[in-house]
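We did not get these values from a lab; they are worked out from the coordinates using the rules stated. If you're wondering where the values come from, they're calculated on a predicted model, not measured in any experiment. Quick reminder, even Gly has a Cβ in these numbers, built from the backbone with ideal geometry, and neighbours come from all protein chains shown.
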Amino acid sequence: MSRGDEPAPESTPVDTAAPPAGGAPAAALAAPPCVVRSRGELAEALAASPRPLGLVPTMGWLHAGHRSLIARARAECATVAVSIFVNPRQFGDPADLAKYPRSESRDLAICADEGADLVWAPDVADVYPPGFDTSVRVGALARPLEGAARPGHFEGVTTVVAVLFGLVRPDRAYFGAKDAQQLRVITRMATDLALTSVVPCPTVRELDGLALSSRNVHLSPAERAAAPVLHRALLAGRARHAAGERDAEAIRAAVREVLATEPLARVEYVSLADDATLAELQRVEGPALLSLAVRFGATRLIDNLSLA
C-alpha cells in the first residue's frame, strides 16, 4: 500500500481522445454516486459508509488524471468519496477564478464511471461558514516556486484541504504528482497534524507528453500544439542527468534550451531542487525535483519530473 512518505511513481500516458470500449460512454451503465451538498448530509452519508474510506479532493472539470485517482482509491478502499469544490481562497486573481471551467453533470458522470460512492459538492458557505476566520499555513515547503509566484496560494490550498480532511475524515487521500509542490505541502500538513495518509499517484499525460490539467481547456489550438515542449524540455534535463551531469545549472540550462525553441512559450521559472526540501541545488547528489512554470498566452502550465 502506497503511503505519503513513498515516492510517487512515474507518469502514465493516455489517449484522452479515445472513445470508451464498445463505443458508448461507460458512465451510462454505472450506478450514480450519492451526491450531498451540506455538512449535515455529508455527515449522515459518511456514518453509513464502510471503512477504509478514500478521498479524492478536486475542483471539478474532471479528466483522465482524476479518473486515475478515483480508480486507485476504488482499488484500495471500501468507500470512495470525491469532493468537487472550486476553492476561491487559492485564486489570487478573481478573473482566474471566474473562468475556471465547471460542469457538474460531466463530473458526476465521470465519478459514476469510475465507481465513486459519494460526491460532496458544497457551496462556498458550506466550506467556509459565516465567521470562518482560520488559515492553515505550511512553512518552508510552501515558500519557493509556486509559493513565490502565487502569494497566498498554498495557504488557500492547505486551509481548504484541512477542512475537507476534518469533515470527511478519510483513511487515505489521493493526490497527483503533477502538482509536485502541492503534493509535498499537503503531505507535510497531513503528517504534522496527524490528519490522514496522503497517497501520491502518477502524473497522467496525453500521448504527446502534455500533463493533463483542467487549465489545458484554455489553450488555443496553436498553444495546445506548442505545449508538449514542456515535457520535452524536462526529458532533456533528465537525459543530461542520466548521462552523468551533476551541475544543477547545466541541467537547468538544458531545459531552457529546449523551451527556447518554442516561440509561444514564456518561461516563468525552471527549478532543480532537493526532492524533500525544495531548496534549489548547486549540485545534484541525491533525489531531486526538476520543475517548471511556463505561460502560453494567458494560460499558465506547470510540470515536473523526478531525478533519482
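How large is the charge dipole for the range 227-308, taken about the Cα centre, if only the Cβ atoms of Lys, Arg (+1) and Asp, Glu (-1) carry charge, to the nearest 20 debye? Mind showing how you got there, number by number?
Details: 10 positive and 11 negative charges, 55 e Å.
Using only the charged Cβ atoms, the result is roughly 260 debye.
What FRET efficiency do you get for Ser220 and Thr261 if R0 is 22 Å and r is their Cβ-Cβ distance, rounded to the nearest 0.05? Please report the intermediate quantities before stating the final value.
Numbers: r = 19 Å, r/R0 = 0.86.
That gives a FRET efficiency of 0.70.
Shape of the range 219-307 from its Cα gyration tensor (a ≥ b ≥ c, root eigenvalues): rounded if a/c is under 1.5, otherwise prolate when a/b > b/c, or oblate?
Verdict is prolate for the range 219-307.
Using only Cα atoms, tell me the angle between helix 180-192 and the longest principal axis of the chain; keep it within 0 to 90° and round to the nearest 10.
Roughly 50 degrees between the two axes.
May I ask which residue of Ala236, Ala250, Ala288 lies farthest towards the positive end of the charge dipole of the range 219-307, with charges of +1 (Lys, Arg) and -1 (Asp, Glu) on Cβ and the Cα centre as origin?
Farthest towards the positive pole: Ala236.
Quick one: length gained pulling Phe132 to Ala250 fully straight, 0.36 nm per residue minus the C-alpha distance? Display every interim value, and only then the final one.
On the way: separation 118, 0.36 × 118 = 42.48 nm, distance 4.73 nm.
Length gained, Phe132 through Ala250: 37.7 nm.
Please list, ordered by chain and number, the residues whose modelled amide H lies under 5 Å from the amide H of Val199; skip anything fewer than 5 residues away on the same chain.
Those lying under 5 Å, H to H, from Val199 are Ala173, Tyr174, Phe175.
For the chain, give the magnitude of the charge dipole about the Cα centre (Cβ charges: +1 Lys/Arg, -1 Asp/Glu; no others), in debye to the nearest 20. Could you put the intermediate results ahead of the total?
Details: 32 positive and 36 negative charges, 34 e Å.
About 160 debye.
How many angstrom lie between the Cα centre of the range 245-308 and the Cα centre of the range 119-148?
27 Å
Going highest first, how would you order 44-51, 301-308, 177-184 by mean Cβ packing within 10 Å? Present the calculation step by step, with values, prior to reporting the outcome.
Details: 44-51: 13.2, 301-308: 20.4, 177-184: 22.6.
Descending packing order for the listed peptides: 177-184, 301-308, 44-51.
Could you tell me which of Thr58, Ala298, Ala125 has its Cα farthest along the dipole of the chain towards the positive end, charges placed at Cβ (Lys, Arg +1; Asp, Glu -1), taken about the Cα centre?
Farthest towards the positive end: Ala298.
Collect residues whose amide H, placed 1.01 Å from N in the peptide plane, falls under 5 Å from the amide H of Leu307; neighbours closer than 5 in sequence don't count.
Ala288, Leu289, Leu290
Can you compute the modelled spin-label distance between Thr12 and Ala98, with each label point 7 Å from Cα toward Cβ, in nm?
My value for the distance between the label points is 3.7 nm.
Note down the relative contact order for the range 48-150 as a percent, whole number, built from C-alpha pairs under 8 angstrom at least six residues apart. It would help to have the intermediate numbers written out before the result.
Values: 114 pairs, mean separation 31.0, N = 103.
Computed value for the range 48-150: 30 percent relative contact order.
Explain nothing, just the number: relative contact order of the range 219-307, from Cα pairs under 8 Å at least 6 residues apart, as a whole percent.
Details: 148 pairs, mean separation 26.3, N = 89.
Normalised by residue count, the contact order of the range 219-307 is 30 percent.
Taking only the C-alpha atoms, wrap a convex hull around the chain and report its volume per residue in Å³ as a whole number.
Expressed per residue, the convex hull around the Cα atoms of the chain is 134 Å³.
Less than 15 Å Cβ to Cβ from Val56, Lys/Arg counted +1 and Asp/Glu -1: what total charge do the surrounding residues give?
On the way: positive: Arg67, Arg72, Arg74, Arg169, Arg172, Lys178; negative: Glu76, Asp107, Asp113, Glu114, Asp117, Asp171, Asp179.
Net charge around Val56: -1.
Okay, helix-only estimate at 222 nm for the chain: each DSSP H run of n ≥ 4 adds -39500 (n - 2.57), divide by all residues, round to 500 deg cm²/dmol; what do you get? Mind showing how you got there, number by number?
Values: 11 runs with 106 residues, N = 308.
Value at 222 nm, helices only, nearest 500: -10000 deg cm²/dmol.
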